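The values are calculated or read from the model by the stated rules, or taken from the named source; none is laboratory data. Note that the structure is predicted; figures quoted are calculated from it, not measured. Cβ sites come from the backbone with ideal geometry, for glycine too, and all protein chains shown count toward neighbours. Quick note on the areas: whole protein, heavy atoms, side chains included, nothing else; ligands and nucleic acids left out. Shrake-Rupley method; radii C 1.70, N 1.55, O 1.52, S 1.80 Å.
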Amino acid sequence: PARYFDTKTTEPISFFLTGLEELLAWQPNSNDEFNVSAVPLAKRQPPLHSRRPRTLVCHDMQGGYLEDRFIQGSATRNPYVFYHWRYIDIFVYFSHHTVTIPPVVWTNAAHRNSVPVLGTFITEWTDGEKLCEAFLAGDEEAFIAVAEQLARIAQHFRFDGWLVNIENKLSAAAVGNLPLFLRELTARVHSAVPGGLVIWYDSVLQDGTLRWQNELNDQNRIFFDACDGLFTNYNWKEEQLERTQRLAGSRLNDVYVGVDVFARGDVIGGGFDTDKSLRMIRQYGLSTAIFAPGWVYEHLGKENFLQNENRFWGSLAEYLPTHSICTLPLTTSFCLGMGTSTFLDGKDEESGPWYNLSAQDIQPLYPEQQGMLSASCCLQDAWCGGSSLQLQGTIPPGEERVAVRLFSLQMPAPPKLFLTLLYKMEGPQPDDFTVALEVTTWDSGNCFEGNPTSLPEPNGRYHPRFLPAPPPGLARLLAACHRGSHGWTSRCYELELQDCSLRDISLIVSRQQPSPQATSFTCLLGEVRVLDTASVAASPPQVHSVAASQLWWQ
C-alpha cells in the first residue's frame, strides 16, 4: 500500500493521516511496524519536569516527510540533520497534515539522546472549522474518540505526545468542549505513554475567535490549565513576557515562548540574532520554543551546513541549560546519521552519500571557546559510521595541556570503570602530543580513587590507569585495545572509585615539551566507551524466539 511503502522503490516510509475519517479509522497493522520506534527514551538528569527553563525545538521544513521519510535510509547528499540534543528538552515534528506522526528516524535519534518527540494535531482554514465542528460541537463521545485515537497512535509508534494547533475559529459549542477535549487527551496520553506531554499552541481564544496573543492571558489560560504547556506565537514584546511570568506563577517553565528563526512578522531576533530573543525570555525564567531552526539549512544553503549549524547553536549555548547522561554503558562513534562514505574499523568500506537518522549515535557537547577550541563533525574520516568528532584547539603559551569536555554525567560511579578511546592526531607533528581521558566527580568528602588509603583528589579529577591490554576476563569483548588501524590509535583505561558520583568525561590533549609558544592541534575522535566493568564481565542475556517478517531482497 502506498501509504506505507514508496511507490518507486517499495521501501518502507513514514506517513501522516489526513482528516477526521482517517484518524478515527486508524488501526495498528503489520505494514506500519517499520514505523514503531526501536529506541526507548533514554533517562536524563535533571529530569524533564525539574524546575528550570526548558527548550523546545519545532522542526518545520518544506512541508515535512522529505528524505527523512525513508525508514531504512536513503542516498541523500547533504541532508538536514540535527545533533545538538544535549541543549534541548523537547522535539516537535511539525507539518500541515491533520495528524503528523513523527518519522521514526527522528524518534530513534532523539530518544537515544534523552529527548522526547511530539507529533502535531492541526486544524486550519475552513476545512479545519468543519473538522472541529464535527468532533467538538456535539456530545462528548466524539471528542473522547479523537483523544483516544491520538493517545493510541503515540503509544503504538512509541513517540511521546502531541502539539495541538487549532488555527481556525470555533463555534460556541465547539470552543465550550475544547478544554474538556484537551483534559481528556492529556490524561489519556499520560496514562498511555510514560512521561507523555500535550502542549497547546497559542491560537484560538476562549470565545472561539482566532487571534494570536503572543502571551499567556485570561483569554487563553483555560487551555493552558487543561494540558502540559503553552507554546506562544512569535510576535511578543517584553511587557508580554512580564505579564506571562506573573500569570503563570509556579507553572513558569510550562510556557514556551515562540521564537521564529526565519524572523517573520514583527519579532525580536531571528537568524544569527536569535540569542537576543533567548536572552530576554530567560530573564523572565520562561521556557522557549525555537521554531524552524532549519533556517540554517534552508536559508544559508546545504554546502557549509555543519559549520553554520555549529555557529548557530554555539551562539545560543549560554541560554540553553544542558542535560546529563545518567546511565552506563556510554558508547559512541559520534556518527551524525549521515555521511559521504561508510567507515568500519577506520576503513572506508563504501563511498557514496547516505542518510539515516536512526544510525545517529549519542551526541556529545559541542564546546566552543572563541579562538581556543572548537568541536565539529568530520565526514572525511571516521572510525565507524559516517563521521568522527573533530577537535581543533590551541594550547596556550606556558601551559602543558588543554581539557575538552565531551559529556556531562550525573550518576553514582560503579566500583570499577573501564574506558576505551580511539583517536587520530592530524597535522605535521602528531607525535608532539599525548591524548588521554579524564573523569571528574562531583565534590564529596568521601569519594576516593582505588583503596581508601589514597587521598581524595582536590577537585575530583581522575586520570584513569592506562592498560596496555584488556584484563583477561574482558579480552574477547574488548579487542578494542589492540585494534587501532588506518592511522587510528587505540587506548584502554581502568578506574576504581569508591562512593563517587560521575560528573564529566573530558579529553586531555598535552604537549610532550613545555613551550613559550602557543601550539595548535587537530584531533579526531573515533570512539569513546565508558563501561561498568561488572556488567561487561557478566554474560549477555540470550535472545530467544527471533522472528523475521516483511522480507524483500534486492
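Restricting the first residue to region 308-326 and requiring it to be outside the structural domain of Pro364 (by the TED database) and free of Cβ contacts under 8 Å to residues at least 40 places away in the same chain, which pairs with a second residue that is in a helix (DSSP H, G or I) and open to solvent by 30 Å² or more (accessible area, probe 1.4 Å) meet a Cβ separation below 7 Å and a spacing of at least six or different chains?
Within 7 Å, the pairs are Asn308/Leu300.
Given the options Pro46, Pro1, name the one that is within 30 Å of Glu318 (Cα to Cα) and either open to solvent by 30 Å² or more (accessible area, probe 1.4 Å) or under 15 Å from the mean Cα position of the chain (by Cα) (or both). Walk me through how you get there before you give the answer.
Working: Pro1 fails: within 30 Å of Glu318 (Cα to Cα).
Among Pro46, Pro1, only Pro46 is within 30 Å of Glu318 (Cα to Cα) and either open to solvent by 30 Å² or more (accessible area, probe 1.4 Å) or under 15 Å from the mean Cα position of the chain (by Cα) (or both).
Being within 20 Å of Gly339 (Cα to Cα), surrounded by fewer than 21 Cβ atoms within 10 Å (Cβ to Cβ) and either in the same structural domain as Lys347 (by the TED database) or within 25 Å of the chain's Cα centre (by Cα) (or both) is the requirement here; does Asp381 meet it?
yes
Name the residues in region 254-282 that are without any contact (Cβ under 8 Å) to a residue 40 or more places away in the chain, in a helix (DSSP H, G or I) and open to solvent by 20 Å² or more (accessible area, probe 1.4 Å), would you?
Asp254, Asp273, Lys276
In region 90-99, what residues are buried (at least 24 other Cβ atoms within 10 Å of the Cβ) and of a type outside the set (Phe, Trp, Tyr)? Walk me through it before giving the result.
Let us first name the residues in region 90-99 that are buried (at least 24 other Cβ atoms within 10 Å of the Cβ), namely 90-93.
Ile90, Val92 - these are the residues of region 90-99 that are buried (at least 24 other Cβ atoms within 10 Å of the Cβ) and of a type outside the set (Phe, Trp, Tyr).
Among Pro397, Pro364, which is farther than 23 Å from Arg491 by Cα and either in contact with a strand residue (DSSP E or B) (Cβ under 7 Å, 6 or more places away or on another chain) or outside any strand (DSSP E or B) (or both)?
Values: Pro364 fails: farther than 23 Å from Arg491 by Cα.
Result: Pro397 is the single residue among Pro397, Pro364 that is farther than 23 Å from Arg491 by Cα and either in contact with a strand residue (DSSP E or B) (Cβ under 7 Å, 6 or more places away or on another chain) or outside any strand (DSSP E or B) (or both).
Give the residues of region 83-104 that are outside any loop (DSSP other than H, G, I, E, B), touching a helix residue (DSSP H, G or I) at 6+ places or on another chain (Cβ under 9 Å) and within 22 Å of Leu330 (Cβ to Cβ), sorted by residue number.
The answer is Trp85, Tyr87, Phe91.
Would you please list the contacts, defined by Cβ atoms under 6 Å and residues six or more apart or on different chains, that run from a residue in region 238-249 that is closer than 15 Å to Asp202 by Cα to a residue that is among the hydroxyl-bearing types (Ser, Thr, Tyr) and modelled with pLDDT of 95 or more?
Close Cβ pairs satisfying both conditions: Leu241/Tyr284.
Would you pick out the residues in region 58-94 that are farther than 20 Å from Asn356 by Cβ and not charged (D, E, K, R)? Give the steps one after another, and end with the answer.
Start the filter on region 58-94 by keeping residues that are farther than 20 Å from Asn356 by Cβ, which leaves 58, 60, 63, 86-90, 92, 94.
Correct list: Cys58, Gly63, Tyr87, Ile88, Ile90, Val92, Phe94.
Step by step: first the residues of region 218-253, then only those that are buried (at least 16 other Cβ atoms within 10 Å of the Cβ) and β-branched (Val, Ile, Thr), then the one that is farthest from Leu185 (Cα to Cα). Which residue is that?
Thr244
Do the conditions hold for Arg112, that is, is it open to solvent by 10 Å² or more (accessible area, probe 1.4 Å), among the basic types (Lys, Arg), touching a residue at least 60 places away in the same chain (Cβ under 8 Å) and assigned by the TED database to the domain that holds Leu56? I'd like the intermediate steps shown before the answer.
Numbers: open to solvent by 10 Å² or more (accessible area, probe 1.4 Å): yes; among the basic types (Lys, Arg): yes; touching a residue at least 60 places away in the same chain (Cβ under 8 Å): yes; assigned by the TED database to the domain that holds Leu56: yes.
Yes.
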